[in-house]
Amino acid sequence: MLQLAITAQIVIAVSIGIVWIGRFDNIVKEFRQFGLPDIVRTLVGAAKIALATLLVAGIWYPVPVVVPALVMAVLMVGAQGAHFSVGNPWHKFLPSLALLLLSVFVAGVHAGFLPQ
């Protein structure tokens, strides 16, 4: 199970990198659609990149992975709420839902709630 959690950590980090670095123009459009100011977008992006970095670092170093995974999950719950608030179609919910589930899984494995 630990190998699956490590794979999930990599998937989360790569996904965050692709979306927040490689597809930033899409993020700008979404945050405008949500009616959120640029400072919120900047803070959320910085937090997600920092959390993704901690998740990757936790593969090789004794960095506590549970907290970054849970904070990432909370941010993904916020993303779900934002998509819901503007009435986006269901397929817009899927990426943040997948990352939410992966984050909870990673936290569960590293916290010992799921077998390693």
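The values are calculated or read from the model by the stated rules, or taken from the named source; none is laboratory data. Nothing here was measured: the structure is a model prediction, and the numbers come from that model. Every residue, glycine among them, receives a Cβ derived from its backbone with ideal geometry; neighbour counts consider all protein chains shown.
Some values worked out for this structure:
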item	result
Residue list for region 58-89, filter: more than 17 Å from the chain's Cα centre (by Cα) and either over 24 Å from Val40 (Cα atoms) or among the basic types (Lys, Arg) (or both)	Trp60, Tyr61, Pro62, Val63
Test result for Ala69, at pLDDT 95 or above, in contact with a helix residue (DSSP H, G or I) (Cβ under 6 Å, 6 or more places away or on another chain) and hydrophobic (A, V, I, L, M, F, W, C)	yes
The lone exception for Ile12 - which of (1) of a type outside the set (Phe, Trp, Tyr); (2) in contact with a Pro (Cβ under 9 Å, 6 or more places away or on another chain); (3) surrounded by 15 or more Cβ atoms within 10 Å (Cβ to Cβ) it fails	(2)
Inter-residue pairs, beta-carbon under 6 Å, first free of Cβ contacts under 8 Å to residues at least 60 places away in the same chain and closer than 17 Å to Ile6 by Cβ and in region 58-75, second outside any helix (DSSP H, G or I) and of a type outside the set (Ser, Thr, Tyr), 6+ apart	Gly58/Val65
Which listed residue is touching a helix residue (DSSP H, G or I) at 6+ places or on another chain (Cβ under 6 Å) and closer than 26 Å to Val109 by Cα, from Ala79, Ala47	Ala79
Cβ-Cβ under 9 Å pairs, at least 6 apart or on other chains, region 1-27 side touching a residue at least 12 places away in the same chain (Cβ under 8 Å), far side acidic (Asp, Glu) and exposed (fewer than 11 other Cβ atoms within 10 Å of the Cβ)	none
Helices (runs of 4 or more DSSP H) within region 22-116 that include 1 or more residues crowded, with 20+ Cβ neighbours inside 10 Å	38-60, 66-85, 90-111
